[in-house]
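**Q** One structure is given below, represented as structure tokens, and several questions about it will come after.
Nothing in this text is a laboratory measurement; each read-out follows from the coordinates by a stated rule. Owing to the predicted nature of the structure, the values given are computational and were not obtained by experimental measurement. With ideal geometry, Cβ positions are generated from the backbone for all residues, glycine too; neighbour counts draw on all protein chains shown.
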Amino acid sequence: MTGKEIKNSDLSKKTFSGLERSFAILNLIADFPKRIIDIKREMNLPWATAHRAVKKLENAEFLVFNSENSKYEIGPRLWHLGSCYLANNKVLNASITHLSQDRSLKKVDIQIVERIGDYSVVIHAEKRQTNEIYKAQYGFHIPLHAGSKGLVLLAYESKKNINEYLKKDLIKLTSKTLTNKKDILKKLSEIREQGYAQTNGDVQNFTGSLAAPIFGQNNNLLGCVCFVFLNRISKNDELIEELKDQLLMMSNSISIQLGWNPNILKRSIS
């Protein structure tokens, strides 16, 4: 979880069927734990409807009630479903195989990331340095316009999908988070040109990151590899260049294992 989210001012204007309502509630609570009154307000539902929907999800263990703050949180049944997804995830399996064979990388946290909705989501994380970096662990998610991983995932989307995303009310995680549409489009163009993204201080003031895409067959974007590090690493130009090379070789190797043909899309590793 990020502590901040993309605002969705249209949610209260939608009309939901029973199943759609349940999905919408789960999506809301996945971003932030909420009270029933919060769900009622954000989805513009009658109290009885919101209460009944939440209780059904709680009884099915998709939600759990936290008595300390009187809010509902994601429950164990969803964890079970998510675990099944990861157990058969081809990007994750290929990445873990590669990471287990390469233990030379140091001074960064390594993340394997996928796009889920409007977020980049860490589906695997390995700590290769001694400092604890908050929000770099497995399960954390941030908006696509923030951080190198989100920007990489957004950069290789279709123009239509990029423009649809940029119509949203984008929030700043820090003063360095890009929210201006022209600035973001320029950054995305640079990422496609160089084959990777680098950002500093736009997710957390004290961290920086590098990310490169993972492709599969037919040049389909499947996810990305991301290195997260403390900002002081960014000041070491020689080390950053070394990390870029390692990042691009890693993302290329995983992509080739997943059926990507390097001749389809040329990406610089210099």
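**Q** Ranked by Cβ crowding within 10 angstrom, fewest neighbours first, how are Met43, Met249 ordered?
**A** Met249, Met43
**Q** At q = 0.07, 0.09, 0.14 Å⁻¹, what is the base-10 log of I(q)/I(0) for the chain according to the Debye formula with one equal point scatterer per Cα and no solvent? Please give it to two decimals.
**A** -0.27, -0.45, -1.03
**Q** Then there is this: Counting other beta carbons within 10 Å of each Cβ, put Asp245, Asp31 in order, fewest first.
**A** So the residues, fewest neighbours to most, are Asp245, Asp31.
**Q** Quick check: residue separation of Trp47 and Asn66 times 0.36 nm, minus the Cα distance between them. What number comes out in nm?
**A** Stretched fully, the Trp47-Asn66 segment lengthens by 4.9 nm.
**Q** As an exercise, use a Förster radius of 51 Å and the Cβ-Cβ distance of Ile37 and Gln101 to find the FRET efficiency, rounded to the nearest 0.05.
**A** With a Förster radius of 51 Å, E is 0.50.
**Q** For region 11-80, what size does the Cα cloud have along each of its three principal axes, sorted from largest down, in whole Å?
**A** 30, 24, 21 Å, listed from the longest principal axis down.
**Q** Ranking request for peptides 200-212, 154-166: highest mean number of other beta-carbon atoms within 10 Å first, then the rest in descending order.
**A** Highest to lowest by the protection proxy: 200-212, 154-166.
**Q** Quick check: residue separation of Ile171 and Asn131 times 0.36 nm, minus the Cα distance between them. What number comes out in nm?
**A** Extra length from Ile171 to Asn131 when fully extended: 11.6 nm.
**Q** Within region 97-121, name every residue whose backbone N is under 13 Å away from a label modeled 7 Å from Cα of Met249 along the Cβ vector.
**A** 102-106, by backbone N distance to the label point.
**Q** For the chain, set up a GNM with springs between Cα atoms under 10 Å and report which of Lys244, Lys149, Lys56 has the largest fluctuation.
**A** Of Lys244, Lys149, Lys56, the most mobile in the Gaussian network model is Lys56.
**Q** Stokes-Einstein D for region 81-170 at 20 °C, 1.002 mPa s, Kirkwood Rh over Cα pairs, in µm²/s?
**A** In µm²/s, the coefficient rounds to 148.
**Q** If you put +1 on each Lys and Arg Cβ and -1 on each Asp and Glu Cβ, how big is the dipole of the chain around its Cα centre, in Debye rounded to 20?
**A** Magnitude of the dipole: close to 680 debye.
**Q** So for region 29-120, Kirkwood radius off the Cα pairs, Stokes-Einstein at 37 °C and 0.692 mPa s: how many µm² s⁻¹?
**A** 204
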